[in-house]
Amino acid sequence: MTATGDSGKKPRRFGTHLVLVMILITLPVIGLISAMDYRQVEGALIAEEDLLREQTGKGVIESIRLVDVGLNLFDSTLDRRMQEGFDPVLAEYERSSRDPGIMDLSRVKRELGEEMDIYIINASGVIEYTTYPPDLGLDFRGTPYFYDRITEIRLGDAFAADRVVAEQASGRLRKYAYMPSPDHRYLFEFGLFCGAVETDRFDPKYQTLKEDLMRLNPTLEGIRIFDCYGRLINATDSKSPTNPVVINPIARAVFEEKRDRTITDPAAGRFTRYILVDLSASDYPSDTSRVVELTYSTALLDARLSEMRFSHALLAVFAGLIACCIAVPVSWQITRPIRDIVDDVNRIARGDLDHRIRVSTGTEFTRLEESIGTMIDSLKENIRRLRASEEATREYSTRLRDLVRERTADLEESNRTATLFLDIMVHDINNANTIAIGYTQFLVDALEGERREMAQKMLSQLEQSSEIIGCVATLREARENGAALTQVDLDRVIRVQVANHPAIRIRYEGREVAVLADDLLSEVFANLVGNAIKFGGPAVEIAIRVEEHDEEVLVSVEDTGPGIPDAVKTSLFRRFRRGEGELAGAGLGLYICRMLITRYGGRIRAEDRVEGRPECGAAIRFTLRKAG
């Protein structure tokens, strides 16, 4: 089942290829199944982790709300006491003629009790007078929602109780209440200081909540709870919950934006969620909302995923080894009939066409063996026909060579005849035309009137005939001249053509430049200058300009004749494209110009001498390549 190719390398056996193919198919399938299963397990683990975190967050929120409901019921019991306490404050305000600057707030505080502080807030939201010096001058405009609420209370007529909250300056817990002054110029505020016993009621420990949640969610590393100012409240075992602490800017931002945040730290293997627990109520000026910080570790999930990756990889390797072990005997069994067929075919290839293919089991191999037998029979018949066809082809080739030889001789004879006719036309007929032109010119000069006009027409026809013969000669020379292009002095060629027409005003500013062309380059200028004289008349003015552009030379032949219509410009250089009017020629001159310029590697085009005004004359422009 092997053979040596032209390169000398021994190819692998078909059985080896089959084993490799089976392995290459099986291994990716096993890998794909393993990867898909891992992705499914990974998605399930991540979804389970997300669900547990979501339940943890909901549990924290519900727990804090339950605690807040209980605290709300408790601090409502202090409302009556604080409302009655405003009576001596209002009496002192009236006694001082409604001037808070002369109110004896210290006396009123002693009357109410040392745990009660009095604040007088002006219309700008600033504490102007107070029995608690640390809060003097405190400006509530920095907390817009709170400032709007106390302004609403100051302009009203009713008592308003607040929740137990922490002071902005010290963080101590106080129960606040508000009463507007009768003239609505000020807002009186009470701050009832909560003692140790009341502090325990208003500031409950969250350690039990933390322990329960961390027991239910092993990935939870820590829980911290912040107030609306971003200050840490007693969410751990802190023994001083009333002391001010460092403000957490993230918790503060979450409260202000009213939007939860998640901060990921892949390097440390953890991420932190900040959840806003909205406890605000329209009945209270203060906002007792909380911001909960839940810190989760991804180490446990990463470890489980790593374990799953390892187990799936190990399973894939084991399945691959089993597939390789199965592929070898399966390949041997599949290739056995093929080896038998190869042996039979090799024997037939050595010339034993009468040898028959052994029939194997299996429908496909049986059909293959029958097809090979049919192919061998057909091969025998084709060999017989091929030998007969070779003989017929040999005879036909002999007759074809003889026929080609005869046709080649005929073509060479026809070419010599055509060359002879061209030589006769170019030489003899042109000589006859030259003599006829001379005599006709004599008649034109000698005759007068109608006879002179007839002689002039005859002279014009003879000159046109001579021009056609000249064009034919140029075409023949251009087609037969297969020599390579050489360096030609463009300035000398132009000056020779200018000298050939001394009676015509031709303006040319000399420019020495060498181009790639041959001896026929002068025919281009002869045709272009001749056309300008023919159509423009003896009074025509011709200008020849040469401009150098990088590796090219742009030549312009301009005249002041009747110009070229736009409709004619695109087809002007085609073969036998004649101009319009009585002076139109045979249509070969410009065709020869285009053929020669193309041969030199350039381009030729017709334009207006004055752009957009064809009646002001024509301009023929073409490019030539500079000689190195």
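The values are calculated or read from the model by the stated rules, or taken from the named source; none is laboratory data. Worth saying up front: this structure is predicted, and the values here are computed from it rather than measured. Heads up, the Cβs are rebuilt from the backbone with ideal geometry, glycines too, and the neighbour counts pull from every protein chain shown.
Results for (1) outside the structural domain of Leu596 (by TED's automatic domain parsing); (2) farther than 20 Å from Ile604 by Cβ; (3) surrounded by 15 or more Cβ atoms within 10 Å (Cβ to Cβ), shown as yes or no for each residue.
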{"position": "Ala499", "(1), (2), (3)": "no, yes, no"}
{"position": "Leu521", "(1), (2), (3)": "no, no, yes"}
{"position": "Val540", "(1), (2), (3)": "no, yes, yes"}
{"position": "Ala543", "(1), (2), (3)": "no, no, yes"}
Next item on the list: Select from the range 137-169 the residues that are closer than 23 Å to Tyr93 by Cβ, hydrophobic (A, V, I, L, M, F, W, C) and loosely packed, with under 14 Cβ neighbours inside 10 Å and list them in ascending order.
Entry: Leu155, Ala158
Check: What number goes with the only condition from (1) farther than 23 Å from Phe146 by Cβ; (2) modelled with pLDDT of 85 or more that Leu300 does not pass?
Finding: (2)
Check: Is there any pair with a first residue in the range 272-300 that is in contact (Cβ under 8 Å) with a residue 12 or more places away in the chain and a second that is in a strand (DSSP E or B) and of a type in the set (Asp, Glu) whose Cβ atoms are under 6 Å apart and which are 6 or more apart or on different chains, and what are they?
Finding: Tyr274/Glu293; Tyr284/Asp162; Pro285/Asp162; Ser286/Asp162; Thr295/Glu221; Ser297/Glu221
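Out of Gln441, Gln464, Gln497, report the one residue that is at pLDDT below 85, farther than 16 Å from Leu588 by Cα and in a helix (DSSP H, G or I).
Details: Gln464 fails: farther than 16 Å from Leu588 by Cα; Gln497 fails: at pLDDT below 85.
From the options Gln441, Gln464, Gln497, the qualifying one is Gln441.
From the list Val291, Val254, which one is part of a strand (DSSP E or B), at pLDDT 80 or above and under 29 Å from Leu73 (Cα atoms)? Steps first, answer last, please.
Working: Val254 fails: part of a strand (DSSP E or B).
Within the list Val291, Val254, the selection yields Val291.
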